[in-house]
Amino acid sequence: MSYKRITEDEFFVQGYYSNCWEDVTCEETFKEARVQLKCYNENESQYPHRIQKRRTKIQKNYYEDKPELLEEEFNSFLTGFNSLEDAENCLDATYKNLKNQYIEQKKKEF
């Protein structure tokens, strides 16, 4: 059995603004991060910048190992509706409602 990684490397370019290091951008490879670092150093030479490597846990797809569960859950979801169109309308309405709640929350923050 081959080794399967449970983490992946991310390379963050950080800038030292307001007495603390802040993430400016994130890249998948060190080479890409170096290119971004060079760009930030040229354009914001008044601030120091650095690259920080972090390991993040790879998010496993719940249905990856058991695709039959996805079909089962989808079918049980559809049983509550008269047609596929009704299910789509319900999902659209739910999305719009969540989007409006998010917008209202952002307005309150400002």
Cβ-Cβ under 6 Å, sequence separation 6+ or interchain: first residue in the range 14-26 and more than 13 Å from His49 (Cβ to Cβ), partner among the acidic types (Asp, Glu). Which pairs? Cys26/Glu10
I'm checking my understanding of the structure. Among residues of the range 1-41 that are part of a strand (DSSP E or B) and among the hydroxyl-bearing types (Ser, Thr, Tyr), which one is surrounded by the fewest Cβ atoms within 10 Å (Cβ to Cβ)? Thr7
Restricting attention to the range 48-56, does a residue exist that is aliphatic (A, V, I, L, M) and either assigned to a strand (DSSP E or B) or free of Cβ contacts under 8 Å to residues at least 12 places away in the same chain (or both)? yes
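With the condition kept exactly as written, say whether any residue in the range 55-75 is at pLDDT below 80, of a type outside the set (A, V, I, L, M, F, W, C) and farther than 29 Å from Thr7 by Cα.
Yes.
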Would you confirm whether any residue within the range 51-71 is touching a Cys at 6+ places or on another chain (Cβ under 6 Å) and surrounded by 13 or more Cβ atoms within 10 Å (Cβ to Cβ)? no
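The values are calculated or read from the model by the stated rules, or taken from the named source; none is laboratory data. The structure displayed is predicted, hence computed values, not measured ones. Note: ideal-geometry Cβ built from the backbone for every residue, glycine included; neighbour counts use all protein chains shown.
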